[in-house]
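Here is the structure we will look at, set down as structure tokens.
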Amino acid sequence: MEHAYPAYYTWRHKLAAYALKLTAWAVLFFLMLPILVIIPLSFNAEPFFSFTPGMLQLDPEAYSLKWYQAIFNSQNWMLAIRNSFFIGMCATVIATTLGTVAAVGLASEHMPCRRLITALLLSPMIVPLIIVAAGMFFFYTRFNLVGSFAGIIIAHAALGVPFVIITVTATLSGFDRSLYQAGLSLGASPLQVFRDVVIPLIRPGVISGALFAFVTSFDEIVLVLFLAGPEQGTIPRQMFAGLREQINPTILAVATLLIIISILFLATLELLRRRSEKIRQGGDTLLS
């Protein structure tokens, strides 16, 4: 069998492997091309959504930063940026707290109706957003929450909780529960064990879930269209309004900044993933 393997792995299999890699790269390029085109267009000196002859000729005068300056000179865009970060951070804190506690509770085998509760908590990821937005709108009208920051924050937190539950639950799958029992046997209260033992071990999953919750809130527009008032406008809503009312390359500049923020979030998640693997490998080494 050892002599048969090289003969089996002929040039046809190598060609098929190269073809598969080439196809994968071609699909990736096709998916990324619409996003990559936005970046150079955001530096267009003319108010067009297309490449000018000067840009194609790489003329320095055809490029400008004025659309980025327009972001910081516009009251509407600055208000949208402040609202997006404020709503996103508040919703992230609520979603991370509730999602972490829920994940820890659902990880217990003695939790009654665990599957039903999990399905209910993850339902915001499954139910179409238009249905969620319509239901929240009619529910909020009874409590005068429509057109308020509290209503938007609660709605975005509800969307972020499932992401926190999933990431924290995945981290808890490798958690050794004997550590929790050992902490209790040493006289610590359940709250102290949770704070000093559980949280440090599942911190990468908690941070990852918080990042997902923040990105979900930062990118959400359907709930904002239904529930927000003029003072609660966010970046996606301002971009949507700009495309409908006044097409301006400032939208492309904002989109470029959002792409950069997304790349930073992905890099952070990758670093957290590697750190979590190192911690898990270190724990396996100690146990062995």
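Just so it is clear, none of the values below were taken in a lab; they were calculated from the coordinates. Note that the structure is a prediction, hence the values are computed from the model and not measured. Neighbour counts run over all protein chains shown; Cβ positions are idealised from the backbone, glycine included.
For the chain, averaging the sequence separation of C-alpha pairs within contact (under 8 Å, six or more residues apart) and dividing by the residue count gives a relative contact order of 27 percent.
For the pair region 133-155 / region 56-89, the C-alpha centres are spaced 30 Å from each other.
Between the amide H of Tyr63 and those of Ala45, distances stay under 5 Å, these residues lying 5 or more places away or on another chain, with hydrogens modeled in the peptide plane. Simple spin-label estimate for Arg274 and Leu225 gives 4.0 nm between the two label positions (7 Å along the Cα-to-Cβ direction from each Cα).
Within the chain, the selection of entire DSSP H helices by a Cα span of 24 Å or greater along the long axis and an average Kyte-Doolittle value of at least -1.0 returns 11-41, 75-106, 149-172, 199-219, 250-287. Among rounded, prolate and oblate, which fits the chain when a ≥ b ≥ c are the square roots of the eigenvalues of its C-alpha gyration tensor, a/c under 1.5 means rounded, and a/b larger than b/c means prolate? Cα axes put the chain in the oblate bin.
Per-residue extension of 0.36 nm, minus the Cα-Cα distance of Ser108 and Ser262, leaves a gain of 52.0 nm for this segment. Peptides 148-158, 191-201 ranked from most to least packed give 148-158, 191-201, packing being the mean of other C-beta atoms within 10 angstrom over each peptide's residues. Among Ala213, Ile166, Ile247, which residue has its Cα furthest toward the positive end of the charge dipole of the chain, with +1 on Lys/Arg Cβ and -1 on Asp/Glu Cβ? Positive-most Cα among the choices belongs to Ile166.
When the chain is treated as a Gaussian network with alpha carbon springs shorter than 10 Å, the biggest mean-square fluctuation among Phe137, Phe240, Phe29 belongs to Phe29.
The packing ranking, built from the mean of other Cβ atoms within 10 Å per residue, places the peptides 46-54, 90-98 in the order 90-98, 46-54, highest first.
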